[in-house]
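Asker: Before I ask anything, here is the structure I am working with.
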């Protein structure tokens, strides 16, 4: 995983007041809960005393109580009570649970995967998806590394083959470009934008990326590091995916269908939910193939022979490697 990034890991509604939630994310067991003000807290799901899962405990007086010996931990992770030494006893400072910065935005819970710091960057979403949109969500587990799932949504070559019965109808096998740009105005070069123009093969030579004139319109695909993607289907219809890393071999796909062409409350809800079976069909067409990738984790120099149409994937891999190296250097500097 890329350190020093905000990862979308859950939907806000999945963490309710009064009950801790245990999940595995980014290869680690985490516990999430809400404090007395309703703010989300994310901590390592491991009591520093004897190593049991805190997510099996209870919330009491704004703290998380360990189910084994009743130790209580506040939202900063500090132990505030050890029943065995009495209410007036002072827990040692080192009795502390590792706590990750957590925030909520766009009905998602985001966790800062890195060392806490005072100057955490803002969470970047896709600014054209505003409150005028409504959405419905589907989720699916993929037994593959999240980088492979991401690359699939940047792959413009597979459409007429994997999706020949759905969004790939028309047999547009010739891939012009595609044009891929790194937007450095958003969160320090952490957004990729892709314009594509696939055509039916009539014997023409595909347009090279450097000859691809940037259209005077929005990109069809956008990816925001480290793990969210946006398909701009039309001004009023979008598809969003959060590729949530569970561990090195598993990913949770959180897929949202956004629309604003129907705004009548009941009809809006029906339109949103009726979209899900079609999106699930498309997603399952991808999943069948993507989970067979070898090696399961994408990277540069893994033995693949890429082609011109793989430009967005190549750009993603290069930028991902840069971010991993930058985070590693930052850790070396701090230590």
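The values are calculated or read from the model by the stated rules, or taken from the named source; none is laboratory data. Note that the structure is a prediction, hence the values are computed from the model and not measured. Please note: Cβ atoms are built from the backbone with ideal geometry, for glycine as well, and neighbour counts cover all protein chains shown.
Asker: Being in a helix (DSSP H, G or I) and in contact (Cβ under 8 Å) with a residue 60 or more places away in the chain narrows it down to one residue among 255, 282; which is it?
Answerer: 282
Asker: Let me ask something additional. How do the strands (runs of 3 or more DSSP E) wholly within segment 56-96 filter down when requiring 1 or more residues that are within 20 Å of residue 18 (Cβ to Cβ) and touching a residue at least 24 places away in the same chain (Cβ under 8 Å): which remain?
Answerer: 58-60, 63-65
Asker: Having 2 or more residues that are surrounded by 20 or more Cβ atoms within 10 Å (Cβ to Cβ) and modelled with pLDDT of 95 or more is the bar; report the strands (runs of 3 or more DSSP E) wholly within segment 100-198 that clear it.
Answerer: 108-113, 174-183
Asker: Filter segment 289-316 down to the residues that are within 30 Å of residue 165 (Cα to Cα), without any contact (Cβ under 8 Å) to a residue 24 or more places away in the chain and in contact with a helix residue (DSSP H, G or I) (Cβ under 8 Å, 6 or more places away or on another chain) and list them by number.
Answerer: 306
Asker: Out of the residues in segment 49-72 that are surrounded by 17 or more Cβ atoms within 10 Å (Cβ to Cβ) and touching a helix residue (DSSP H, G or I) at 6+ places or on another chain (Cβ under 7 Å), state the one that is farthest from residue 4 (Cα to Cα).
Answerer: So, considering only residues that are surrounded by 17 or more Cβ atoms within 10 Å (Cβ to Cβ) and touching a helix residue (DSSP H, G or I) at 6+ places or on another chain (Cβ under 7 Å), the one farthest from residue 4 (Cα to Cα) is 66.
Asker: Hey, residue 242 hits all of (1) out of contact with any helix residue (DSSP H, G or I) (no Cβ under 8 Å at 6 or more places or on another chain); (2) part of a strand (DSSP E or B); (3) more than 14 Å from residue 148 (Cα to Cα) but one; which does it fall short on?
Answerer: The failed condition is (3).
Asker: If I ask for residues that are assigned to a loop (DSSP other than H, G, I, E, B) and surrounded by fewer than 20 Cβ atoms within 10 Å (Cβ to Cβ), which ones from segment 2-25 would you list?
Answerer: 3, 4, 16, 17, 18, 19
Asker: Here's something else I'd like to know. State all residues of segment 285-329 that are surrounded by fewer than 15 Cβ atoms within 10 Å (Cβ to Cβ), more than 19 Å from the chain's Cα centre (by Cα) and assigned to a helix (DSSP H, G or I); if no residue qualifies, say none.
Answerer: 288, 289, 325, 326, 328, 329
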